[in-house]
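Take a look at the structure set out below.
The values are calculated or read from the model by the stated rules, or taken from the named source; none is laboratory data. A quick note: this is a predicted structure, and the numbers were derived from the prediction, not measured. Cβ: placed from backbone, ideal geometry, glycine included. Neighbour counts: every protein chain shown. Remember, those area values only see protein heavy atoms, side chains included, never the ligands or the DNA or RNA. Shrake-Rupley method; radii C 1.70, N 1.55, O 1.52, S 1.80 Å.
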Amino acid sequence: MSEPVAEKRVSWAELFFDLVFVYAVTRISLLLGTDHSALGLLRGLIAFVPVYWLWVGTAIQTNHRDVARPVLRIALFAVALVALFMALALPEVFAESALLFAVAYWIGRFVLAAVSVSGPGHPVVSPYLVSVVATGPLLVVGALLSPGPRTVVWALAALIDLATPWLLRSRMASIHFDAAHLAERFGLFVLIALGESVVVIGESADEHGLDLASGVAVAGAFVLACALWWVYFHFAADAVRHALATAEVQLDITRTVLSYGHLSFIAAIVLVAVGLHEAVARPTEHVGYLLGAGVALYLLTFGYTRWRMFRLVSKTRVTAGVAALLVTLGLPLMPALAGVALLAAVVIALNVYEWLTNDRISWRARLRER
């Protein structure tokens, strides 16, 4: 009888790498903090996609290769370095820092392309090659243009990067992924991003002083962050791992749930972080809609991921997402404290209901039976 193959675990080098990228994610919040308009949100998303795509590409490579090898570890740190430069450029990425951001991304994709062809596991025509020959140059060209045309060119580059795994599906469908490792990588990215939202809460309180109202806002914001953590890690994290391990074509789960679905999760957390920063800074004033929009997007994304994994409708989470949208409509009309409390109540009610129903039917055993 053969010994079971040990599951691959996330390495210390990968955790260090993720910390650099989450710093880049928090810098996106600085970009959004200065412009809440539709154009500002669009530009924030356009700037976020290259950062996220560089992280996804690295996560895929470390899933297939041994990070303990010195050469690969050095490549990992090299990508982390260019990500650091991208993070530094983000607040002014549509101003004087555009070229630094674009060149750093291009270099990072060159490194990943070199790693991808150094061993088995990926076809020659891959998302890494497309980034090297198409999206990287587009970012550099866009960086040399004025902000308006730059937005258009960079949006095209983002669409090309996101569409590449879908367009190359037939070439990549046979790739095997270590389900436990890859699910853990994406889950840890969500975890660290949520943790950084707590850091944002503390920074806001430190910047604006801590009185009774802001103290209550800090407590409410922390409760909301904990509730969002519970939504993902009490059930969804195990479900993602199970879906990836049992999928007939693992690429379909990797592409739709991990790459695309977690793009939505992280973007939602960024919106929540910006909203919580404002709520703690001005707890008795009316704040914008970003906090509620982030919570709603986060919850509704679970509806998308569950359908992609199991072809099941997540009625509870979609309902909670709609409830968060309704709260969002009223956020500009109420004090920030009330908005935080209502959104926390929505997410807590969801968690309590799922705890009472799913745990009663032993959902983990049901999941293993699927």
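Tell me the per residue accessible area of the range 221-347 using a 1.4 Å probe; a whole number in Å² is fine. Walk me through the intermediate numbers first.
Details: 4550 Å² over 127 residues.
Dividing the accessible area of the range 221-347 by its residue count gives 36 Å².
Prolate is the label for the range 233-370, because the ratio a/c of its alpha-carbon gyration tensor axes (a ≥ b ≥ c) is 1.5 or higher and a/b is greater than b/c.
Rounded to two decimals, the Cα-based Rg/Rh of the chain, with Kirkwood Rh, is 0.97. Annotation for the range 202-248 versus the range 155-184: alpha-carbon center distance of 27 Å.
Taking only Cα atoms and a 10 Å spring cutoff, compute GNM fluctuations for the chain and point out the largest among Leu329, Leu182, Leu244. Greatest mean-square fluctuation among the candidates belongs to Leu329. The simple spin-label model puts a point 7 Å past each Cα toward its Cβ; for His234 and Leu81 those points are separated by 4.5 nm. Derived scalar couplings between HN and Hα for the range 19-27 equal 4, 5, 6, 5, 4, 5, 4, 5, 5 Hz in order, rounded to whole Hz, by the Karplus curve 6.51 cos²θ - 1.76 cosθ + 1.60 (θ = phi - 60°), x for Gly and Pro. Model label points for Thr34 and Ala114, set 7 angstrom from Cα along the Cα-to-Cβ axis, are 3.3 nm apart.
Kindly identify the range 1-133 as rounded, prolate or oblate by the Cα gyration tensor criterion: order the square roots of the eigenvalues as a ≥ b ≥ c, call it rounded if a/c is under 1.5, otherwise compare a/b with b/c, prolate if a/b is larger, else oblate.
Prolate is the answer for the range 1-133, as a/c is 1.5 or above and a/b outweighs b/c.
Shown here for the range 200-296: GluC sites (Glu not before Pro) in loop regions (DSSP other than H, G, I, E, B) with at most 13 other Cβ atoms within 10 Å, namely Glu248, Glu285.
Each stretch of four or more DSSP H residues adds -39500 (n - 2.57); spread over every residue of the chain, this sum gives -25000 deg cm²/dmol at 222 nm.
Which one, Gly148, Gly108, Gly195, has the greatest fluctuation when you compute a Gaussian network model over the chain with C-alpha springs under 10 angstrom? Result: Gly148 has the largest fluctuation of those listed.
Ligands, DNA and RNA left out, the 1.4 Å accessible surface of the chain is 69% carbon and sulfur atoms. Going by a ≥ b ≥ c, the root eigenvalues of the Cα gyration tensor, does the range 137-198 fall in the rounded group (a/c under 1.5), the prolate group (a/b larger than b/c) or the oblate group? The shape class here is oblate. Subtracting the Cα-Cα distance of Trp166 and Tyr353 from 0.36 nm times their residue separation leaves 63.7 nm of extension gain.
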